[in-house]
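Engineer: Here's a structure for you.
The values are calculated or read from the model by the stated rules, or taken from the named source; none is laboratory data. Worth saying up front: this structure is predicted, and the values here are computed from it rather than measured. Cβ placement follows ideal geometry from the backbone for every residue including glycine, while neighbour counts extend to all protein chains displayed. All accessible areas refer to the heavy atoms of the entire protein, side chains included, with ligands and DNA or RNA removed. Shrake-Rupley method; radii C 1.70, N 1.55, O 1.52, S 1.80 Å.
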Amino acid sequence: MDYIRDEHRVHLIVYHLVWTPRRRKPVLIGAVRDDCETLIRAKCDEKGWHIIELAIQPDHIHLFVRVYPTTSASEVVQQCKGVTSRGMRQKHPHLKKLPSLWTGSYFASTAGNVSGEIIQKYIEAQKGI
C-alpha cells in the first residue's frame, strides 16, 4: 500500500474491523448479505473510505478499510452499523424480531506497511542519534 499525500499530511491509516449481529444470529445470508454489502460499500464510497477487503459471514463481518487521519475506527463502525441496520430492517422485516440488528461491541485493529516490531526498532534507533 502506498502512502497518501495531501495538502499537509502523508498518511496510511488502515483498520481491520469486525462486528456481529445481536446474539450472533446467522442472519447475514442470501439477499440480506447482498444488501448488507451494497450498503457498506455505498457508505464507504460516500465517506471517501477505500475498502481493501470486505467479507460477510453468516454471523459476522470483516471490513479492511483505508481511511483519512481524521477518521476513527469507531466512526467507521458506527456509520456502517447505522446504515445497514436501518436499511436492512426496512427491507427485510424478519430482522425486526431482533431487539437491534448489531451488538454494541466490535473489534478494531490497525494495520499498515510495517509491523509494530519494525516501528519499535526504528524509534529505539532514533534515541541514539
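Engineer: Could you check the range 46-71 and list, in sequence order, the residues that are within 23 Å of residue 7 (Cα to Cα) and open to solvent by 50 Å² or more (accessible area, probe 1.4 Å)?
Structural biologist: Of everything in the range 46-71, those that are within 23 Å of residue 7 (Cα to Cα) and open to solvent by 50 Å² or more (accessible area, probe 1.4 Å) turn out to be 46, 47, 50, 68, 69, 70.
Engineer: Report yes if some residue within the range 98-105 is within 16 Å of the chain's Cα centre (by Cα), open to solvent by 60 Å² or more (accessible area, probe 1.4 Å) and in contact (Cβ under 8 Å) with a residue 60 or more places away in the chain; otherwise report no.
Structural biologist: yes
Engineer: For residue 101, only one of the following conditions fails: (1) of a type in the set (A, V, I, L, M, F, W, C); (2) closer than 30 Å to residue 2 by Cβ; (3) in contact with a strand residue (DSSP E or B) (Cβ under 8 Å, 6 or more places away or on another chain). What is its number?
Structural biologist: For residue 101, the failing item is (2).
Engineer: Output the residues belonging to the range 104-129 that are at pLDDT 75 or above and touching a strand residue (DSSP E or B) at 6+ places or on another chain (Cβ under 8 Å).
Structural biologist: Passing the criteria: 105, 106, 107, 108, 109, 110, 111.
Engineer: So for the range 116-125 (the condition being within 28 Å of residue 33 (Cα to Cα) and either of a type in the set (A, V, I, L, M) or open to solvent by 90 Å² or more (accessible area, probe 1.4 Å) (or both)), does at least one residue qualify?
Structural biologist: The initial filter retains those residues of the range 116-125 that are within 28 Å of residue 33 (Cα to Cα), namely none.
No: zero hits.
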